[in-house]
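Colleague: Take this structure first; my questions come after.
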Amino acid sequence: MYEYFLGQITAVTPAFVVIEVAGIGYKVLTANPYRYEVGQAAVKMFIHQAVSDNGMSLFGFYDADEKALFEKLLNVSGIGPKSALAILANNDHSGLIQAINQGNATYLTSFPGVGKKTAQQIVLDLKDKLKDLNVDVTGQTALSVEAPVADGALADALAALTALGYAARDVKRITPKLTMFATANAADTNQLLSEGLRLLTK
């Protein structure tokens with residue numbers, strides 16, 4: 001139904017953002033909410049609308065290629081919107097596509113909700129079928145979030161990892177390294193989330 005929204009970001013949480021379009025605030029689930037910042041105007045967000053027994057959900061993407069990759073993942077048996085979103089949260093979409101094309105199921109099982117069987121299904125269904133995507137323009141690091149660098153940024157990043165579906169024990173396991181990274185690099189939430197994803201999927 002929706003192709004994209006053009007509006008202003010009015011809220012950013014670990015799991016979703018709110019984008020206001022013509023006076024209406026839409027709750028949109030996104031892989032990395034901290035790519036956006038409150039007050040950011042004229043934001044063009046590509047939208048996928050999902051309808052289930054539990055109601056309707058909106059999923060937002062930085063560009064059309066990211067949305068297309070999400071929808072290709074949804075076509076794989078065993079992959080739901082939450083798992084697809086968690087896979088896309090990783091900055092390295094080119095690495096993801098390379099893993100699929102090389103049949104690297106082990107890499108794919110590092111994402112929450114993706115077991116060995118599902119990983120093999122991803123390879124079977126999508127290998128050599130993603131060449132039309134411009135994966136180098138995903139916008140994952142195109143926006144800088146000027147959030148205060150403090151314990152709050154680390155807490156937000158950890159909450160975002162949990163919202164993506166990573167197990168609490170796994171998030172707890174990487175917390176010491178992420179804390180050290182935060183201190184050493186004066187990292188903001190966006191950077192911390194990216195580093196946390198790297199630690200969880202390596």
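Read the figures in this text as sums done on the coordinates, not as results from a lab. Model, not experiment: these values are computed from the prediction. Neighbour counts are summed over all protein chains in view; Cβ atoms, including those assigned to glycine, are modelled from backbone coordinates with ideal geometry.
Colleague: Relative to the present Cα-Cα distance, how much length would full extension add between Gln98 and Ser52 at 0.36 nm per residue of separation?
Modeller: That works out to 13.4 nm of additional length.
Colleague: Rounded to the nearest 500, what is the chain's calculated 222 nm mean residue ellipticity when only DSSP H runs of at least 4 contribute -39500 (n - 2.57) each, over all residues?
Modeller: -13000 deg cm²/dmol
Colleague: Something else about it: Where is the GNM fluctuation largest for the chain (alpha-carbon springs, 10 angstrom cutoff): Ala184, Ala41, Ala155?
Modeller: Highest fluctuation of the listed residues: Ala184.
Colleague: Once Lys and Arg get +1 and Asp and Glu get -1 on their Cβ, which of Gly80, Asn101, Gln121 lies farthest toward the positive end of the dipole of the chain?
Modeller: Of Gly80, Asn101, Gln121, it is Gln121.
Colleague: If I stretch the segment between Gln120 and Tyr4 completely, what's the gain in nm (0.36 nm per residue apart, minus their alpha carbon distance), one decimal?
Modeller: 38.6 nm
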